[in-house]
Amino acid sequence: MNTRDTDGKTIETKRQDLERSLQQMGRVLVAFSGGVDSTLLLKVCTDVLGDDVLAVTAVSETTAGHEREDAVQLALDLGAAHLQVKSHEMELSEFIANPSHKCYVCKKSRFGQLVALAHQKGFSWVADGTNADDHRDFRPGSRATRELKVRSPLMEAGFTKSEIRRLSKQLGLPTWDKPSAACLASRIPYGTPLTTRRLRQVDEGEHFLRDLGVVGQVRVRHHGDVARLEFDARDIVKFARENMRDRIVQYFKSLGFKHTTLDMEGYSMGSLNRALTPEQKG
């Protein structure tokens, strides 16, 4: 547990830094998705701050159904006060157009809501689960949180994703090995308008595949009439078998897809970002 990271600090030292930072922050509203990062943050917040914590989950058509359910149950298990609020990114024409910076548009709207809610309810800070590894991928939404002065206590303490998982396991959190998640809009190529129907097709398709027994990550990438399925390498052979293929193809036809393809490279985080130029990534 005390293995040193590349910055020379042990996880226990980082945990102590995190706890001190939270004590200084006072009353904290946690942007809570129910994922690996925000669950650890909420756990430590409730341990350190007790009733001076409010978990808030923003939900919309871009939220996977199982993620919403997980957030409700996890907050209950942690004994944290929890609110669900409707977010309005699907009412924004700039977001619906699905530009390369749509995450910025979404987070500016969502976190703007949370900041206003925090002020209304007397919370000193809004905190999110951003970690020290998140800068490695294209994340335009991080600019929005900086502009709104949202705190990222895990990143400030230097926690990497692997350290978050290890500490979560030590604390007995069921999310310690939960696959990383992203909003449903991340499955649709940039420039393809975001619609409730397309988001629902993705959500229902991924739910079906998880029910078939997916062990690791799964993504349904929406390419118009084509559903491109990404699995972890360990699942590819299983779902390429004839009996599985037939069930998958028929189900995805029922969702409205004319073709269903299996990506032989397997799951790749942010694979749709490959289409972006360096200029678009900024």
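Out of all the residues in the stretch 140-150, is one or more in contact with a strand residue (DSSP E or B) (Cβ under 9 Å, 6 or more places away or on another chain), under 24 Å from GLN16 (Cα atoms), crowded, with 17+ Cβ neighbours inside 10 Å and among the aliphatic types (A, V, I, L, M)? Before you say what the answer is, go through the steps one by one.
From the stretch 140-150, those in contact with a strand residue (DSSP E or B) (Cβ under 9 Å, 6 or more places away or on another chain) are 145, 148-150; that's our starting set.
Adding the requirement that they be under 24 Å from GLN16 (Cα atoms) leaves 149-150.
Now drop any that are not crowded, with 17+ Cβ neighbours inside 10 Å, which leaves 150.
Still in the list and also among the aliphatic types (A, V, I, L, M): 150.
Yes.
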Residue in the stretch 205-216 that is surrounded by fewer than 14 Cβ atoms within 10 Å (Cβ to Cβ) and without any contact (Cβ under 8 Å) to a residue 24 or more places away in the chain present: yes
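From the list THR130, THR175, which one is part of a loop (DSSP other than H, G, I, E, B) and either outside the structural domain of LEU74 (by TED's automatic domain parsing) or in contact with a His (Cβ under 9 Å, 6 or more places away or on another chain) (or both)? Give the derivation first.
Numbers: THR130 fails: either outside the structural domain of LEU74 (by TED's automatic domain parsing) or in contact with a His (Cβ under 9 Å, 6 or more places away or on another chain) (or both).
Just a single option satisfies the conditions, and that option is THR175.
For the stretch 184-268, list the helices (runs of 4 or more DSSP H) that sit wholly inside it and hold at least 2 residues that are under 17 Å from the mean Cα position of the chain (by Cα), among the polar types (S, T, N, Q) and in the same structural domain as HIS66 (by TED's automatic domain parsing); which are they? Steps first, please.
Details: elements: 196-211, 233-240, 242-255.
So the answer is none; nothing clears 2.
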Test: residue in the stretch 54-74 that is modelled with pLDDT of 95 or more and in contact with a Pro (Cβ under 8 Å, 6 or more places away or on another chain): yes
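Of the residues VAL72, VAL48, which single one is of a type in the set (A, V, I, L, M, F, W, C) and in contact with a helix residue (DSSP H, G or I) (Cβ under 7 Å, 6 or more places away or on another chain)?
Values: VAL72 fails: in contact with a helix residue (DSSP H, G or I) (Cβ under 7 Å, 6 or more places away or on another chain).
From the options VAL72, VAL48, the qualifying one is VAL48.
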Residue within the stretch 107-125 that is under 24 Å from ASP17 (Cα atoms), assigned by TED's automatic domain parsing to the domain that holds LEU18, in contact with a helix residue (DSSP H, G or I) (Cβ under 7 Å, 6 or more places away or on another chain) and not hydroxyl-bearing (Ser, Thr, Tyr) present: yes
Breaking point among (1) more than 17 Å from the chain's Cα centre (by Cα); (2) in contact (Cβ under 8 Å) with a residue 12 or more places away in the chain, for PHE111: (1)
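Just for the stretch 183-204: of the residues that are of a type in the set (A, V, I, L, M, F, W, C) and either touching a residue at least 60 places away in the same chain (Cβ under 8 Å) or in contact with a Ser or Thr (Cβ under 8 Å, 6 or more places away or on another chain) (or both), which one is farthest from HIS259 (Cα to Cα)?
Filtering the stretch 183-204 for residues of a type in the set (A, V, I, L, M, F, W, C) gives 183-185, 188, 194, 199, 202.
Now narrow it down to the ones that are either touching a residue at least 60 places away in the same chain (Cβ under 8 Å) or in contact with a Ser or Thr (Cβ under 8 Å, 6 or more places away or on another chain) (or both): 183-185, 188, 194, 199.
Values: CYS183: 23, LEU184: 20, ALA185: 20, ILE188: 16, LEU194: 20, LEU199: 17 Å.
My answer is CYS183.
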Output for the stretch 151-165, where each listed residue is touching a residue at least 40 places away in the same chain (Cβ under 8 Å) and surrounded by 17 or more Cβ atoms within 10 Å (Cβ to Cβ): ARG151, PRO153, LEU154, ALA157, GLY158, PHE159, THR160, GLU163, ILE164, ARG165
Selection within the stretch 217-241 - touching a helix residue (DSSP H, G or I) at 6+ places or on another chain (Cβ under 8 Å), of a type outside the set (Gly, Ala, Ser) and surrounded by 15 or more Cβ atoms within 10 Å (Cβ to Cβ): VAL218, ARG219, VAL220, ARG221, HIS222, LEU229, GLU230, PHE231, PHE239
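The values are calculated or read from the model by the stated rules, or taken from the named source; none is laboratory data. Every value quoted in this text rests on a predicted model; they were computed, and no experiment measured them. FYI the Cβ positions are ideal-geometry reconstructions off the backbone, even for glycines, and counts take in every protein chain you see.
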